[in-house]
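Participant: Have a look at the structure that comes next, please.
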Amino acid sequence: MSIVSELRGLLDNIEPPVFRIVGGAAEFAALAGEPKATPAAYVLVEEEQSEDNARMTGPVLQRVEADVAVIIVTRNVSDNTGAAAAEEIEALKAKVRGALMGFVPSGLGSDPITHVSGNLLKAKSGNVWQRELFAAAYYLEEQP
């Protein structure tokens, strides 16, 4: 199971459920505009950086740090100021961070997930798009 699949599963299993859609890179790329239902979360690997080989001899062993983005999309037009949407995105950010931070993905000798950053991507007409970036470090080992 991939790190993205595991993180999607964690978001899908938040109790009580908060997301109507939990998708991956393909679903995010297929968006032509707003998601069909909100709140929605899309989990995708943005970048992977591999360190140098940790061994002098023998099979290659490298630590890889993946930047995993969770794109949160919500819509709340219950007021004219956008305050309701802003409050909702704050609550969703807290749920995502709470579900993912410290989780240790299975296999690959992974380290616990850590939060890197969060930034507002777009806010308009009651729609808010927020990107939360997490670090997921794991190890690759050459199979002799």
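The values are calculated or read from the model by the stated rules, or taken from the named source; none is laboratory data. Just so it is clear, the structure is predicted and the values come from calculations on it, not from any experiment. Methodologically, a virtual Cβ is constructed for each residue, glycine included, from the backbone with ideal geometry; neighbour enumeration extends over all protein chains shown.
Participant: Hey, can you tell me all the residues within the stretch 40-49 that are buried (at least 18 other Cβ atoms within 10 Å of the Cβ), over 17 Å from residue 101 (Cβ atoms) and either β-branched (Val, Ile, Thr) or in contact (Cβ under 8 Å) with a residue 40 or more places away in the chain (or both)?
Facilitator: Quick first cut of the stretch 40-49, residues buried (at least 18 other Cβ atoms within 10 Å of the Cβ) only: 40-44.
Going one step further and asking which of them are over 17 Å from residue 101 (Cβ atoms), we end up with 40, 42, 44.
Correct list: 44 only.
Participant: Go through (1) under 13 Å from the mean Cα position of the chain (by Cα); (2) touching a residue at least 12 places away in the same chain (Cβ under 8 Å) and name the single condition residue 37 misses.
Facilitator: Result: residue 37 fails condition (1) only.
Participant: Right, here's the next one. Quick one: residue 107 ticks every box in (1) assigned to a strand (DSSP E or B); (2) at pLDDT below 95 except a single one, so which number is it?
Facilitator: That leaves (1) as the condition not met.
Participant: While we're on this one: Quick one: in the stretch 54-89, which of the residues that are surrounded by 14 or more Cβ atoms within 10 Å (Cβ to Cβ) and polar (S, T, N, Q) is modelled with the highest pLDDT?
Facilitator: Here the residue is 74.
Participant: Got a sec? Which of 7, 31 is closer than 20 Å to residue 133 by Cβ, surrounded by fewer than 16 Cβ atoms within 10 Å (Cβ to Cβ) and modelled with pLDDT of 85 or more? Even if it seems obvious, please write down each step before you answer.
Facilitator: Values: 7 fails: surrounded by fewer than 16 Cβ atoms within 10 Å (Cβ to Cβ).
Of the residues listed, the single one that is closer than 20 Å to residue 133 by Cβ, surrounded by fewer than 16 Cβ atoms within 10 Å (Cβ to Cβ) and modelled with pLDDT of 85 or more is 31.
Participant: Restricting the search to the stretch 116-138, which residues are within 29 Å of residue 50 (Cα to Cα) and surrounded by 15 or more Cβ atoms within 10 Å (Cβ to Cβ)? Lay out the reasoning, then the answer.
Facilitator: Step one: of the stretch 116-138, the residues within 29 Å of residue 50 (Cα to Cα) are 116-121, 130-138.
Listed by number, the residues that qualify are 118, 130, 131, 132, 133, 134, 135, 136, 137, 138.
Participant: How many residues does the stretch 33-48 hold that are touching a Lys or Arg at 6+ places or on another chain (Cβ under 6 Å) and in a strand (DSSP E or B)?
Facilitator: 1
Participant: I've got another one for you. Restricting attention to the stretch 40-48, does a residue exist that is aromatic (Phe, Trp, Tyr), under 21 Å from residue 135 (Cα atoms) and touching a helix residue (DSSP H, G or I) at 6+ places or on another chain (Cβ under 7 Å)?
Facilitator: Looking for residues that are aromatic (Phe, Trp, Tyr), under 21 Å from residue 135 (Cα atoms) and touching a helix residue (DSSP H, G or I) at 6+ places or on another chain (Cβ under 7 Å), one finds at least one in the stretch 40-48, hence yes.
Participant: Which condition does residue 87 not pass, out of (1) in contact (Cβ under 8 Å) with a residue 12 or more places away in the chain; (2) of a type in the set (D, E, K, R); (3) not in a loop (DSSP other than H, G, I, E, B), if it passes all the others?
Facilitator: Against the list (1) in contact (Cβ under 8 Å) with a residue 12 or more places away in the chain; (2) of a type in the set (D, E, K, R); (3) not in a loop (DSSP other than H, G, I, E, B), residue 87 comes up short only on (1).
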